[in-house]
Amino acid sequence: MKKLSEIFNWWYGVNMELINCEVSHNGIPFVSRTAANNGVVARVSPVEGAVPNPSHTLSLAGGGSVLSCFYQDEPYYSGRDLFVLSPKVEMSKNEMILYSYIISTNKYKYNYGRQANKTFQDLMLPELHEIKLIIETSLNADFKFNQQSVLSPAN
């Protein structure tokens with residue numbers, strides 16, 4: 001196990017307010033502290049002078065729906081109390097998604113209005129080689145299951 005800060009670089013997101021943005025169905029995702037829809041609450045037009053957070057990162061709510069964590073596969077703007085996590089070593093999309101799930105399972109530690117702004121970086125997470133093993137084992141089990149399902153006679 002390693003601290004989150006040993007696995008990911010992290011920084012405070014763009015910290016924009018949706019009310020000051022122009023909604024555009026083909027725009028840039030706006031990610032907030034919600035636990036729904038991968039954190040995306042709207043798509044907005046590009047904002048002059050505001051550089052979106054990079055793709056292939058995790059968005060992490062430090063307040064609101066505390067520790068809601070999602071993989072973001074395209075550049076995005078972020079609202080308040082949202083952190084961006086970028087892997088310190090190369091990771092696949094599946095590895096990032098599994099980390100986002102594991103991080104989110106720690107929500108219970110922030111019940112009763114506690115925010116994660118000062119402590120999320122100390123969360124203990126499996127090391128990358130363990131994540132790779134979990135994914136490989138899961139994919140192999142699913143493949144074997146699917147093979148048996150296809151080859152089994154219908155009931």
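Checking the stated criteria, V51 turns out not to satisfy the condition of being out of contact with any Pro (no Cβ under 9 Å at 6 or more places or on another chain) and not charged (D, E, K, R). Scanning the range 71-101 for residues that are within 10 Å of the chain's Cα centre (by Cα) and open to solvent by 40 Å² or more (accessible area, probe 1.4 Å) turns up D73, I97, Y101. Inside the range 102-134, residues that are in contact with a Lys or Arg (Cβ under 7 Å, 6 or more places away or on another chain) and either open to solvent by 60 Å² or more (accessible area, probe 1.4 Å) or basic (K, R) (or both) make up a count of 2. For the range 22-36, taking the residues that are in contact with a Ser or Thr (Cβ under 7 Å, 6 or more places away or on another chain) and touching a residue at least 40 places away in the same chain (Cβ under 8 Å), the one that is surrounded by the most Cβ atoms within 10 Å (Cβ to Cβ) is identified as V31.
When you scan the range 45-53, do you find a residue that is free of Cβ contacts under 8 Å to residues at least 40 places away in the same chain, in contact with a Leu (Cβ under 9 Å, 6 or more places away or on another chain) and open to solvent by 60 Å² or more (accessible area, probe 1.4 Å), even just one?
To start, the set of residues in the range 45-53 that are free of Cβ contacts under 8 Å to residues at least 40 places away in the same chain comprises 45-52.
Applying the additional criterion that residues be in contact with a Leu (Cβ under 9 Å, 6 or more places away or on another chain) yields none.
No, the range 45-53 has no match at all.
Working only within the range 102-131, note down all residues that are in a loop (DSSP other than H, G, I, E, B), among the β-branched types (V, I, T) and within 15 Å of the chain's Cα centre (by Cα). Spell out the reasoning first.
At the first step, the residues of the range 102-131 found to be in a loop (DSSP other than H, G, I, E, B) are 105-106, 111-119, 123, 126-127.
This time we only want the ones that are among the β-branched types (V, I, T), so: 105, 119.
If the condition is that a residue be in a loop (DSSP other than H, G, I, E, B), among the β-branched types (V, I, T) and within 15 Å of the chain's Cα centre (by Cα), then T105 is the only one that fits.
The values are calculated or read from the model by the stated rules, or taken from the named source; none is laboratory data. Predicted, not measured: the structure shown is a model, and the values here were computed from it. Glycine gets a Cβ as well: all are built from the backbone with ideal geometry, and neighbour counts include every protein chain shown. Ligands, DNA and RNA are excluded from the accessible area calculation, which covers all protein heavy atoms including side chains. Shrake-Rupley method; radii C 1.70, N 1.55, O 1.52, S 1.80 Å.
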